[in-house]
Each structure stands twice: as structure tokens, then as C-alpha cells.
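Q: I have a structure here, written as C-alpha cells, and I will follow up with some questions on it.
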Amino acid sequence: MTSSFPTDSYLFLTGEDAESTEWPATPFPEYTDDILDQFVVHLWAVSNGDLASGLLALSSAGLYTLVVVSARAAGLGPGPWKVDRRIREQLPAIAPALLAELRRRDCRGMGDDPTGPVRRGRLLQLVGAFTSLSQPGGTTRQRRQLSGACPFCAEPASLQISLPKVTWRCFGCDQSGGLHEFAECLLTQVLAGSADPEHLPPRP
Ligand SMILES: [Zn+2]
């Protein structure tokens with residue numbers, strides 16, 4: 001089996017300090033519509049129009065960007081984002097393969113330290129694509145926690161992130177986990193076809 005070098009690394013570098021360990025979390029750029037557009041063009045090119053075949057060539061950061069693309073294309077997250085119809089049609093079909101590949105890599109390439117700044121930065125980047133996060137207060141203890149509206153149950157301020165543990169939890173729908181689990185919840189919604197905010201389940 002040949003090892004493949006990720007073809008998309010250039011998209012995710014923020015400069016020579018891209019994998020720096022800025023405390024407490026590496027400030028990765030937010031997923032703007034432009035970044036998502038650029039990524040989709042790249043993915044289409046490297047996969048020759050067959051997205052499933054392009055998965056293995058993506059870096060871990062690229063795979064998580066594809067999760068964001070899938071969820072945004074399905075209507076989850078802030079504002080409308082339009083993706084090419086040919087790509088949109090393939091997204092639900094590749095979701096299981098995308099999940100399997102994320103699980104297989106177990107966040108490798110996302111920073112060696114599972115509770116380090118790189119992994120923390122990636123969690124903030126992923127969650128931040130779907131809800132705006134704020135810190136409840138200014139004390140050192142409070143600065144380790146961030147909260148926002150939950151993108152899965154739409155309960156305001158029920159989603160909390162613990163930076164030291166690199167985990168998230170929603171007190172509204174009782175879902176929780178780390179980076180991978182957040183991606184899994186997003187893709188579950190994509191597969192259920194219920195990611196459109198208008199079709200989210202009513203609040204309990
Ligand atoms: Zn929730």
C-alpha cells in the first residue's frame with residue numbers, strides 16, 4: 001500500500017506557524033464561504049468528479065472541511081451556502097465513507113497531543129462553523145469554557161466546550177464528545193435529511 005501525501009495541505013496552512021502551539025488553542029481561520037468554495041474546487045479536481053475516490057487524498061483537516069461542506073450544503077449552519085449541484089448530489093452518498101475514514105485516522109495529523117492547542121483549535125474551528133461561541137466570563141476558569149447555541153437542537157447557549165478536555169456537550173439534547181463526535185452528529189443530520197433548520201425537531 002502506497003502512502004499518499006495529502007493534496008490539500010496548502011489550503012489549510014495559515015503560514016509557517018500553521019501547526020504552532022499557541023496557547024490555549026491554535027487560531028485556525030474560520031470556515032468562510034470563500035474557503036469552502038476553494039476547497040470544493042480542489043476536491044472536484046483531485047477526485048475527477050468522483051468524490052469518494054478523493055477522500056484518501058485529503059488531509060485530516062480536509063476531511064473535516066468536507067464535513068462542514070456536507071452539513072452547510074444540507075442547510076445546517078449560518079446563512080445559505082450554495083454548492084455545485086453535481087457535488088451536492090454526491091455528499092449524502094459519501095457520508096458513511098467519510099465517517100469511516102475519519103474514524104480510521106483518529107484525528108492523526110490534527111496535532112499529536114490529544115489535548116493540545118492544535119486539536120483545541122480544530123474543535124473551535126469546526127464547532128464555530130455552526131454556532132458563534134462566547135466565553136461566559138473573564139476568570140481563568142471561565143476562559144476554559146465556551147458556549148453557544150446548539151446546532152443540533154437549536155437550544156440557545158446549551159452547547160458548551162471544555163478547552164482543557166477538548167470536548168463539547170449540549171445540555172439540551174444531551175449529545176457530547178470530541179472532534180470526531182461533532183462531525184458524526186453533523187453527518188447524521190445530513191443523512192437524515194433533517195439538517196435544514198426549518199426541519200429541526202421542536203424544542204422539548
Ligand atoms: Zn443540543
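What follows draws every value from the coordinates through simple rules; no lab data is involved. The structure displayed is predicted, hence computed values, not measured ones. Positions of Cβ are generated from backbone atoms using ideal geometry, with glycine treated the same way; all protein chains shown enter the neighbour counts.
Q: Using a ≥ b ≥ c from the Cα gyration tensor of segment 62-133 (square roots of the eigenvalues), is it rounded, prolate or oblate, where a/c under 1.5 gives rounded and otherwise the larger of a/b and b/c decides, a/b for prolate?
A: oblate
Q: Among rounded, prolate and oblate, which fits segment 72-196 when a ≥ b ≥ c are the square roots of the eigenvalues of its C-alpha gyration tensor, a/c under 1.5 means rounded, and a/b larger than b/c means prolate?
A: Because a/c hits 1.5 or more and a/b fails to exceed b/c, segment 72-196 counts as oblate.
Q: A further question on this structure: Peptides 173-185, 59-71, 29-41: what's the order by average Cβ count within 10 Å, highest mean first?
A: 59-71, 173-185, 29-41
Q: According to the square roots a ≥ b ≥ c of the eigenvalues of the Cα gyration tensor, what is the shape class of segment 88-130, taking rounded for a/c under 1.5, prolate for a/b larger than b/c otherwise, and oblate for the remainder?
A: It is oblate, given that a/c is not under 1.5 and a/b is not larger than b/c.
Q: Taking 45 Å as R0, compute the FRET efficiency from the Cβ-Cβ separation of Ala45 and Gln145 and round it to 0.05.
A: 0.65
Q: Pop the C-beta distance of Arg86 and Thr32 into the FRET formula with R0 = 22 Å and round what comes out to the nearest 0.05.
A: For Arg86 and Thr32, the calculated efficiency is 0.50.
Q: Sticking with this one: Once Lys and Arg get +1 and Asp and Glu get -1 on their Cβ, which of Leu146, Val127, Gln90 lies farthest toward the positive end of the dipole of segment 83-146?
A: After comparing all options, I get Leu146.
Q: Could the peptides 77-88, 111-122 be put in order, highest first, of the mean number of other beta-carbon atoms found within 10 Å of their residues?
A: Descending packing order for the listed peptides: 111-122, 77-88.
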